[in-house]
Amino acid sequence: MGTSVQVTPLCGVYNENPLSYLVSIDGFNFLIDCGWNDHFDPSLLLPLSRVASTVDAVLLSYPDTLHLGALPYAMKQFGMSAPVYATEPVYRLGLLTMYDHYLSRKQVSEFDLFTLDDIDAAFQNVTRLTYSQNHHLSEKGEGIVIAPHVSGHLLGGTVWKITKDGEDIIYAVDFNHRKERHLNGTVLESFVRPAVLITDAYNALNNQPPRRQRDHEFLDAIVKTLRSDGKVLLPVDTAGRVLELILILEQHWAQHHLTYPIFFLTYVSSSTIDYVKSFLEWMNDSIAKSFEHTRDNAFLLRHVSLLINKGELEKLPEGPKIVLSSMGSLEAGFSHDIFSEWATDPKNLVLFTERGQFGTLARMLQADPPPKAVKITLSKRVPLVGEELAAYEEEQNRKKEEALKASQIKEEEVKISQSDPNLGDQMEIDTRETHALSDVGTSVGGHKDVLIDGFVLPATSVAPMFPSFENSAAWDDFGEVINPDDYMIKEDNMELSFLQGGGDLNGKLDEGSASLMLDTTPSKVVSTELTVQVKCSLVYMDYEGRSDGRSIKSILAHVAPLKLVLVHGSAEATEHLKQHCSKNVCPHVYAPQIEETIDVTSDLCAYKVQLSEKLMSNVLFKKLGDYEIAWVDAEVGQPEGGMLSLLPLSSTQAPTHKSVLVGDIKMADFKQFLASKGIQAEFSGGALRCGEFVTLRKVGDPTQKSGVAGNQQIVIEGPLSEEYYKIRDYLYSQFYLL
């Protein structure tokens, strides 16, 4: 029987909720993505809470909240402690995304679902992998190999390939086949006939205009607004699709010599761009090559200014400007406040580049027709004054006193527990009499020696001495065994030490953001509700960076998985894609509900066999690059120790087989090889003409329509002559004969 595979959706099926799926492979549980929405609704995580303790590994695919937003909360509240795997950009930019969300909410509410310490602790468990890097799991996951591959959509975005016993399970959601200004397209099409493919139906019903047309409409709408003395607000994510928008604006401003100011405003904007500058190898080929040849970094911004505080924006003179600000949902962050101020002016434009999450203000404004007025809650944090400040300080002092008393009691208990049991009766001193002894004692350096007359030590007692603790540290072949917990930063000082330069960001967090985190000024949140008349222009253009419905169907037909699991998309989109794939992709298509476990175990039967010594002694290997290959003619013998064994054939003579040429050849390379041998060759009509009379051509498709790898043949044509045989021998020399 094949590798056992079960898939259980925990969130994000038949709707557009965050993504989170439990995939069990031979009993090893992967949590693939751990998303949350911009409402941070704990009820969405109930299914995850029931299985968190069984998770063996977490795979993250993108650095946004829909794919990793619940990770700090799950680690803290659900006790999930499994190792986490992600690419370097997903790790770094995901960390900044969570910081931005925390700071955005902490400034307008008493947000307590997770803290900065919880974010740091969650991301400390992340193991970073590079694209196409095979990572072999151990212990319970022995035999399982995971590898991230390019998915497009966001920087560092991942298509996960999980391999066990030769069978591939592919997880590919939100992929993009198009090459963009800063990202390559997905490599999903390079996978052929995986055992299981898990993908989404989010864009199954949407079709996109050509890129040039879309860019023209996007820039035209912005420039028209600016020339009409209006302002443009682009609600964006923290460190995802905003990077593509920044490059579009940078290039257009440089080409047309525009001078309208552009601002990128988030709590971590400077850190985001600093990290992105160092991730060029994760971007598309043109950006990497440009840097190699000219040392020109595409994200060395010349027209976009970075802001980390709305106060900096308010100090600027009035006039047309562009602001890219988080959050894209308009539920929190600077974009929420800016919208409330700019929406009442008909000259202004709010340009959405992604669909708002369900139930958010952005989604409401994207309705057709949009509302004419919306109710908005404006909140801000103000310092405490007067009686409120006095009451707060009194409460804090009371807590400090209680904490001090508790620590003193704990210290006394520790001293008692560490006292030597071999000591005789201890001398007890009544602390109430210490004032009477002060006259007899002599004070030296703040310490008092107590003199007692007429006291005789018991014979069994020992002289007073400093406590001696036995060093019981464990040792191994490399020295003393280190306990990492002894070197962990204390929780109370975690934020401070992090921001002073010792944390995961290597001290590269924005100075303004750091000051917010360190700000201990007593404060409270003041909220006011107001109705905003929406008079500005509202436009939605698709810059989500996902493949559209037509492309998704084409890619799935090419990949042709044995079994297909559909997740994340509206009910209508999911059913539409399910019906299409059942007819055109594969017969086994599944669309499970929340917490519904489906068994997608492969129908193929795979067995492990052992090569016997008798068989191996008669096998002749031939070198093939870094490998050795050979024909093996054998028969299956009786199991030895529970494993089947291959034995030499019982018959004296092995069956004959045709010679096989192993390898692949590029005609352009062979043309150069012939030239080095003094034979003139040139391409003509799709064939390679060699010398005067011999022609070589490839026939057959490298890939059949079903997606299965096909066979290509090289046909050599020409009269039998010395030249013919010489070229044939040269051709054979390019292969391994088996």
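The values are calculated or read from the model by the stated rules, or taken from the named source; none is laboratory data. All figures in this text were calculated on a predicted structure; none of them were measured in a lab. So basically every Cβ, Gly included, is an ideal-geometry build from the backbone, and we count neighbours across all protein chains shown. Ligands, DNA and RNA are stripped out before the accessible areas are found, and what is left, the full protein with its side chains, is counted by its heavy atoms. Shrake-Rupley method; radii C 1.70, N 1.55, O 1.52, S 1.80 Å.
Results, tabulated for the structure shown:
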{"item": "Per-region count, the stretch 331-342, residues over 26 Å from Thr65 (Cα atoms) and either among the hydroxyl-bearing types (Ser, Thr, Tyr) or crowded, with 18+ Cβ neighbours inside 10 Å (or both)", "result": "1"}
{"item": "The one condition in (1) in a loop (DSSP other than H, G, I, E, B); (2) open to solvent by 10 Å² or more (accessible area, probe 1.4 Å); (3) touching a residue at least 12 places away in the same chain (Cβ under 8 Å) that Gly230 fails to fulfil", "result": "(2)"}
{"item": "Considering residues of the stretch 594-645 that are assigned to a strand (DSSP E or B), open to solvent by less than 60 Å² (accessible area, probe 1.4 Å) and out of contact with any Gly (no Cβ under 8 Å at 6 or more places or on another chain) only, the residue modelled with the highest pLDDT", "result": "Ile598"}
{"item": "Count of the stretch 14-50 residues which are in a loop (DSSP other than H, G, I, E, B) and either touching a Pro at 6+ places or on another chain (Cβ under 7 Å) or under 22 Å from Phe358 (Cα atoms) (or both)", "result": "15"}
{"item": "The lone exception for Ala172 - which of (1) open to solvent by 10 Å² or more (accessible area, probe 1.4 Å); (2) farther than 25 Å from Phe299 by Cα it fails", "result": "(1)"}
{"item": "Cross-chain or 6+ apart pairs with Cβ under 6 Å, the stretch 527-543 first and in contact (Cβ under 8 Å) with a residue 40 or more places away in the chain, then part of a strand (DSSP E or B) and open to solvent by 40 Å² or more (accessible area, probe 1.4 Å)", "result": "Ser527/Thr377; Thr528/Leu378; Glu529/Thr377; Thr531/Ala373; Thr531/Lys375; Gln533/Ala373"}
{"item": "Residue count for the stretch 239-298, restricted to those that are more than 24 Å from Arg178 (Cα to Cα), among the aliphatic types (A, V, I, L, M) and open to solvent by less than 10 Å² (accessible area, probe 1.4 Å)", "result": "3"}
{"item": "For Val90: the one exception among (1) in contact (Cβ under 8 Å) with a residue 60 or more places away in the chain; (2) more than 22 Å from Val236 (Cα to Cα)", "result": "(2)"}
{"item": "Residues within the stretch 314-330 that are surrounded by 22 or more Cβ atoms within 10 Å (Cβ to Cβ) and out of contact with any Gly (no Cβ under 8 Å at 6 or more places or on another chain), tallied", "result": "3"}
{"item": "Enumeration of residues in the stretch 656-699 that are charged (D, E, K, R) and in contact with a Ser or Thr (Cβ under 8 Å, 6 or more places away or on another chain)", "result": "Arg689"}
{"item": "Residue match in the stretch 206-226 (condition: among the aliphatic types (A, V, I, L, M) and open to solvent by 50 Å² or more (accessible area, probe 1.4 Å))", "result": "no"}
{"item": "Inter-residue pairs, beta-carbon under 7 Å, first open to solvent by 20 Å² or more (accessible area, probe 1.4 Å) and in the stretch 104-115, second assigned to a loop (DSSP other than H, G, I, E, B) and of a type in the set (D, E, K, R), 6+ apart", "result": "none"}
{"item": "Scope the stretch 363-373; condition open to solvent by 10 Å² or more (accessible area, probe 1.4 Å) and either in a strand (DSSP E or B) or hydrophobic (A, V, I, L, M, F, W, C) (or both); matching residues", "result": "Met364, Ala367, Ala373"}
{"item": "Residue within the stretch 557-571 that is farther than 30 Å from Leu351 by Cβ, outside any helix (DSSP H, G or I) and touching a helix residue (DSSP H, G or I) at 6+ places or on another chain (Cβ under 6 Å) present", "result": "yes"}
{"item": "Qualifying residue in the stretch 135-143 (condition: buried (at least 24 other Cβ atoms within 10 Å of the Cβ) and either within 25 Å of Ser81 (Cα to Cα) or modelled with pLDDT of 95 or more (or both))", "result": "no"}
{"item": "The stretch 123-170, residues that are in contact (Cβ under 8 Å) with a residue 12 or more places away in the chain and in a helix (DSSP H, G or I)", "result": "Phe123, Lys140, Gly141"}
{"item": "Hits in the stretch 31-41 (condition: of a type in the set (A, V, I, L, M, F, W, C), surrounded by 22 or more Cβ atoms within 10 Å (Cβ to Cβ) and under 16 Å from Glu16 (Cα atoms))", "result": "Cys34, Trp36"}
{"item": "Check on Leu71, modelled with pLDDT of 95 or more and either in contact with a strand residue (DSSP E or B) (Cβ under 8 Å, 6 or more places away or on another chain) or not hydroxyl-bearing (Ser, Thr, Tyr) (or both)", "result": "yes"}
{"item": "Selection count where residues are surrounded by 17 or more Cβ atoms within 10 Å (Cβ to Cβ) and under 29 Å from the mean Cα position of the chain (by Cα), scope the stretch 343-362", "result": "10"}
{"item": "So Leu306, is it under 20 Å from Ile248 (Cα atoms), of a type in the set (A, V, I, L, M), part of a loop (DSSP other than H, G, I, E, B) and open to solvent by 20 Å² or more (accessible area, probe 1.4 Å)", "result": "no"}
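Per-residue answers, yes or no, for (1) among the small types (Gly, Ala, Ser); (2) open to solvent by less than 10 Å² (accessible area, probe 1.4 Å); (3) in contact with an Asp or Glu (Cβ under 9 Å, 6 or more places away or on another chain):
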site	(1), (2), (3)
Leu19	no, yes, yes
Ser43	yes, no, no
Arg50	no, no, yes
Thr54	no, no, no
Val58	no, yes, yes
Tyr62	no, yes, yes
Leu68	no, yes, yes
Leu71	no, yes, no
Lys76	no, no, yes
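Yes/no matrix, rows are residues, columns are (1) over 28 Å from Cys536 (Cα atoms); (2) basic (Lys, Arg); (3) part of a helix (DSSP H, G or I):
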site: Leu249; (1), (2), (3): no, no, yes
site: Ala254; (1), (2), (3): no, no, yes
site: Phe263; (1), (2), (3): no, no, no
site: Tyr267; (1), (2), (3): no, no, no
site: Ile273; (1), (2), (3): yes, no, yes
site: Glu281; (1), (2), (3): yes, no, yes
site: Ser286; (1), (2), (3): yes, no, yes
site: Ala298; (1), (2), (3): yes, no, no
site: Pro317; (1), (2), (3): no, no, no
